[in-house]
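Here the structure comes first, spelled out in structure tokens, and everything after it is commentary.
The values are calculated or read from the model by the stated rules, or taken from the named source; none is laboratory data. None of the values given here were measured: they were computed from a predicted structure. Ideal geometry is used to build each Cβ from the backbone, glycine not excepted, and the neighbour counts take in all protein chains shown.
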Ligand code: SAH
Ligand code: SF4
Ligand code: F3S
């Protein structure tokens, strides 16, 4: 979970006295993407952005609910604004994102100075909601009253013409939202609602719009991105069949559409669910040389008993078979995964099975979370959180240690190879270094001039750590 703040900026033609919005983003890449959308909507409505909370007229939090810690952190940030709001009664404070959708009125109860709680499918209305609060305040000394906007029935319509793209070289693009699965530990189906896919032509048009304004790599986002298309209509007789189930348009069609776009160098995907990892998707990836040979495919556990209690919809054998399908089409594929350790009823044997599988599958990236019971989820209601905190901590440690060893081995195997790298940024640690990614999604740093930003270059891999590669520039 990261926190991003935006630079203060004035846009041409912007009124000097425009009200200023400060937006703080927690959570996943989808939230970052949504925050950029929201900021553009505010600018279109005559607002300016600021990275100074002290000079903002509107402070918004785009929030995450996946673990308790994420929500508590937002409450603590909100708490810090209580005094600011007392001193400046005209300040508008809003909460958007998953926590807004999940907790609704509870946010007003715990943080009485919040004005707006705006759900995950209403965020595009935020400028109007803020205007509404400001107008009501101007009309009545008693204050504007609270606004709750959390209905989920609406689709999110993203129409970006007339907006500016501000995502830089590496942009994000949501192709779908929501999740139709029901993993017993997870709040996301509740906070994001069912799968809603965007029309293919709208996605390609948004990608074109991003590339025209400087994007060189695009990460396709979705809560279960490879469920893209599941909610779209089947083709009728005579219509072209897509790569999705039943001939529907699927993620493979999105990849093929983006592959054609001139100026685009790389396409990335996050996050996939094994249930929708099909041969059609793998074939489309194999046909598209802009698509990274890296997939985040969370396994969560390698014990069938735990997977069943998690209601993941697969057992280890099925997960293995999905990998076989993917690897048959993409022999150089690298994988990332998520693990939950200490889930309800997890025994030492279950834990050991997961460690064995981490080793066997050779995951290049591992995100490891201690199970956190979330109210409102099936596991919270019907399974005991019976792995003691100390044991969860110990298993987490064992996971981290093994992940480091395995990643050291997997990334170490890249040494001596020559790789094509998209140069993405000047290294944060050392400004004489550039950093980018190989086609297999691995970060790599090397010395080179800034002019190479956004270009594809050839790098000889010389060094590696469990988390990235280093090398030397061979050719541009
Ligand atoms: N849609 C993705 C995951 C989204 S949440 C998927 O299906 O894989 C990101 C990660 O957070 C999950 O993969 C899981 O590992 C972790 N996570 C979700 N709920 C959790 C909980 N209650 N406790 C601990 N980790 C959790
Ligand atoms: Fe949550 Fe499972 Fe859906 Fe992922 S697939 S968002 S873990 S319910
Ligand atoms: Fe968090 Fe919602 Fe993303 S719970 S991880 S912000 S989908």
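What to note about this one:
- Of all the listed residues (248, 279, 321, 311), the sole one being surrounded by fewer than 16 Cβ atoms within 10 Å (Cβ to Cβ) and under 30 Å from residue 238 (Cα atoms) is 279.
- Checked against the criterion of being surrounded by fewer than 18 Cβ atoms within 10 Å (Cβ to Cβ) and modelled with pLDDT of 95 or more, the candidates 438, 405 yield just one match: 405.
- Whichever residue in the stretch 21-37 is surrounded by fewer than 22 Cβ atoms within 10 Å (Cβ to Cβ) and assigned to a strand (DSSP E or B) and, among such residues, is farthest from ligand 3 (Cβ to nearest atom): 22
- Selection count where residues are in a helix (DSSP H, G or I) and either under 24 Å from the mean Cα position of the chain (by Cα) or within 16 Å of ligand 1 (Cβ to nearest atom) (or both), scope the stretch 84-139: 12
- Scan of the stretch 190-220 for residues that are within 16 Å of ligand 1 (Cβ to nearest atom) and either in contact (Cβ under 8 Å) with a residue 60 or more places away in the chain or surrounded by 18 or more Cβ atoms within 10 Å (Cβ to Cβ) (or both), ordered by number: 190, 191, 192, 193, 195, 196, 197, 219, 220
So that you can scan it fast, the table gives a plain yes or no per residue for (1) touching a helix residue (DSSP H, G or I) at 6+ places or on another chain (Cβ under 6 Å); (2) free of Cβ contacts under 8 Å to residues at least 24 places away in the same chain:
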| residue | (1), (2) |
| --- | --- |
| 307 | no, yes |
| 318 | no, no |
| 321 | no, yes |
| 331 | no, yes |
| 342 | yes, no |
| 351 | yes, no |
| 365 | no, no |
| 370 | yes, no |
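- Strands (runs of 3 or more DSSP E) contained in the stretch 409-471 and holding at least 1 residues within 23 Å of the chain's Cα centre (by Cα): 418-426, 433-438, 443-447
- Residue within the stretch 52-64 that is surrounded by fewer than 19 Cβ atoms within 10 Å (Cβ to Cβ), touching a residue at least 60 places away in the same chain (Cβ under 8 Å), within 30 Å of residue 218 (Cα to Cα) and in the same structural domain as residue 23 (by TED's automatic domain parsing) present: no
- Of all residues in the stretch 284-305, those satisfying the criterion of being away from ligand 3 (no atom under 16 Å from the Cβ), closer than 20 Å to residue 222 by Cα and touching a residue at least 40 places away in the same chain (Cβ under 8 Å) are 284, 285, 292, 293, 294, 295, 297, 299.
- Of all residues making up the stretch 79-110, the number that are free of Cβ contacts under 8 Å to residues at least 40 places away in the same chain and farther than 21 Å from residue 190 by Cβ: 12
- Just one of the listed residues (188, 175) is within 13 Å of ligand 3 (Cβ to nearest atom), modelled with pLDDT of 95 or more and assigned by TED's automatic domain parsing to the domain that holds residue 222, namely 188.
- Among the residues here, residue 113 does not qualify as within 16 Å of ligand 3 (Cβ to nearest atom), over 17 Å from residue 35 (Cα atoms) and outside the structural domain of residue 374 (by TED's automatic domain parsing).
- For the stretch 60-73, taking the residues that are over 24 Å from residue 184 (Cβ atoms) and out of contact with any helix residue (DSSP H, G or I) (no Cβ under 6 Å at 6 or more places or on another chain), the one that is farthest from ligand 3 (Cβ to nearest atom) is identified as 60.
- Checked across the stretch 227-243, the condition of being in contact with a helix residue (DSSP H, G or I) (Cβ under 7 Å, 6 or more places away or on another chain) and within 16 Å of ligand 3 (Cβ to nearest atom) holds for at least one residue.
- Condition met for residue 390 (more than 14 Å from ligand 1 (Cβ to nearest atom), in a helix (DSSP H, G or I) and surrounded by 20 or more Cβ atoms within 10 Å (Cβ to Cβ)): no
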